[in-house]
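The values are calculated or read from the model by the stated rules, or taken from the named source; none is laboratory data. Quick caveat: nothing in here was measured; it's all calculated off a predicted structure. Positions of Cβ are backbone-derived with ideal geometry, glycine not excepted, and every protein chain shown enters the neighbour counts. Please note that ligands, DNA and RNA were not included when accessible areas were found on the heavy atoms of the full protein model with its side chains. Shrake-Rupley method; radii C 1.70, N 1.55, O 1.52, S 1.80 Å.
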Amino acid sequence: MSCYEITGGRPLSGSLAVHGAKNSVLPILAACLLVPGQCVLRNCPDLSDVAVTLDILRLLGCRADREGDTVVIDASALSRCDIPEHLMREMRSSVIFLGALLARLGTAELSYPGGCELGPRPIDLHLSALRALGAEILEEQGALVCRSCREGLRGREICLSIPSVGATENIMLTACGCPGLTTIVGAAREPEIVDLQGFLQAAGARIQGAGTSSITIQGGVPLRPVQYQVMGDRIAAATYLCGGAAAGGEVEVTGVAPDTLAAVLSCLEEAGCTLHTGPDRVVLTSCAPLRGISPVRTAPYPGFPTDAQAILMAALAGGEGATLFVENMFDSRYRHVGELRRMGADIQLAGRAAMVSGVGRLHGASVRSTDLRGGAALVVAALGAEGTTQVSGLHHIGRGYQALDKNLRALGADIRRVP
Ligand code: EPZ
């Protein structure tokens with residue numbers, strides 16, 4: 001079991017191009033099922049979650065080939081509609097295939113995606129929306145057996161009680177296969193949804209409104225092969241910037257639009273960092289200990305992203321001053337706190353709230369990644385800590401970060417992967 005060995009205290013310096021967005025490429029790969037032909041995706045990150053998704057596409061009968069950061073998907077020969085349990089367990093967000101398979105084949109079978117490290121991950125909004133569009137969904141012994149009803153799928157208005165990212169995406173994909181107009185009211189507004197709309201529009205779908213809480217899809221339009229460039233990963237960008245904030249120095253990230261992580265940037269600025277932005281880049285300079293900032297409450301976009309909560313907390317824990325965090329999106333997203341405490345962090349938990357009191361500087365320790373973003377947070381903490389930190393549980397980090405250690409070394413960090 002390998003781990004990262006990080007010796008902190010070295011300021012970072014340099015520029016890096018951030019990889020394609022995990023949370024955009026996953027639904028876009030599912031959307032390729034709607035296209036009976038070859039789609040070419042550029043800036044497709046090499047992550048374990050993406051590898052699992054490509055395996056699922058191949059199992060369903062598609063061709064899926066990678067050459068560098070370009071992936072070619074050919075769904076012409078799509079022949080299966082069932083995703084085996086072991087692959088569903090490996091990646092619960094495979095529920096996104098539900099809508100695409102229903103739209104293309106009129107049927108889908110997958111096992112109920114379980115919870116994950118973040119707590120229960122219900123899919124009730126997905127299922128009720130797809131039923132409203134005409135899907136008959138049986139839930140039996142942990143499996144979901146879905147097929148379009150006798151009259152077939154039909155577009156209609158769908159109101160979401162929570163702006164669920166996954167449910168919004170599943171409805172968008174299903175609606176492409178529904179003749180008639182579908183309107184999603186209360187849609188999630190994340191940039192990854194705008195990216196999915198961009199892919200679908202390029203393939204000929206009549207869809208608009210992504211980025212707002214109302215999305216309309218005129219379904220039943222045949223989609224054509226397309227080449228598409230995936231957006232940059234805003235959470236990976238936030239990770240490198242928080243690493244620069246924790247370690248000090250000057251870090252530039254390119255390939256990301258600053259407005260997609262504006263909530264994180266404003267926190268870093270309030271903490272004392274200097275930021276300069278361009279259309280596709282952010283430059284962060286940090287030369288003093290980070291200050292405490294006003295309360296950080298996670299919320300649907302454009303609010304503060306839950307995926308950056310642990311990462312920002314790790315940077316502030318080694319600064320000065322106190323910051324209150326409130327995690328409103330998931331029930332169990334403070335599992336990294338125990339590991340940060342091993343590095344000397346002073347964090348008090350009370351339900352959804354976490355009070356972080358900066359201790360001036362964390363110290364090295366042996367810590368374990370608890371989940372994807374929690375693991376990245378430990379790396380951020382280690383970059384600013386005194387001494388050496390061992391971070392294990394790297395399979396969590398590999399789900400969402402491409403070459404994290406190599407990229408940080410290129411920025412001057414003392415990090416290496418040891419067996
Ligand atoms: C997506 O998950 C992201 N994953 C998550 O990123 C991200 O944290 C989350 O959106 C919120 O931004 C991908 O895009 C692959 P939700 P998703 O449905 O779609 C509740 C990462 O680290 N809910 O927007 O599963 C749910 O419990 C991952 O990259 C229901 O109650 O999130 C949560 O409290 C972690 N019923 C809230 O909505 C449902 O049917 C938001 O979840 C669906 C969701």
Flagged in segment 349-377 as surrounded by fewer than 23 Cβ atoms within 10 Å (Cβ to Cβ) and over 18 Å from Asp331 (Cα atoms), in numbering order, are Ser357, Gly358, Val359, Gly360, Arg361, His363, Gly364, Ala365, Ser366, Arg368
Members of segment 33-51 that are in a helix (DSSP H, G or I) and within 16 Å of the ligand (Cβ to nearest atom) | Ser48, Asp49, Val50, Ala51
Scanning segment 334-348 for residues that are open to solvent by 20 Å² or more (accessible area, probe 1.4 Å) and within 25 Å of the chain's Cα centre (by Cα) gives Tyr334, Arg335, Gly338, Glu339
Of the residues in segment 221-232, those that are in a loop (DSSP other than H, G, I, E, B) and open to solvent by 50 Å² or more (accessible area, probe 1.4 Å) number 3
Which residues, taken from segment 202-219, are part of a strand (DSSP E or B) and of a type outside the set (Lys, Arg)?
-> Ile207, Gln208, Ala210, Thr212, Ser214, Ile215, Thr216, Ile217, Gln218, Gly219
Residue selected from segment 393-419 under the condition surrounded by fewer than 19 Cβ atoms within 10 Å (Cβ to Cβ) and in a strand (DSSP E or B), by the criterion nearest to the ligand (Cβ to nearest atom) = Arg417
Those residues that are assigned to a strand (DSSP E or B) and within 16 Å of the ligand (Cβ to nearest atom), I need them from segment 118-153; list them, please.
-> Gly119, Ala135, Ile137, Glu139, Leu144, Cys146
So is Gly360 within 16 Å of the ligand (Cβ to nearest atom), under 26 Å from Arg297 (Cβ atoms) and of a type outside the set (Phe, Trp, Tyr) or not?
-> no
Counting only residues in segment 70-97 that are under 18 Å from Gln229 (Cα atoms) and crowded, with 16+ Cβ neighbours inside 10 Å, the one farthest from the chain's Cα centre (by Cα) is identified as Asp74
Does segment 297-333 hold any residues that are in a strand (DSSP E or B), within 16 Å of the ligand (Cβ to nearest atom), surrounded by fewer than 23 Cβ atoms within 10 Å (Cβ to Cβ) and among the hydrophobic types (A, V, I, L, M, F, W, C), and which are they?
-> Val326
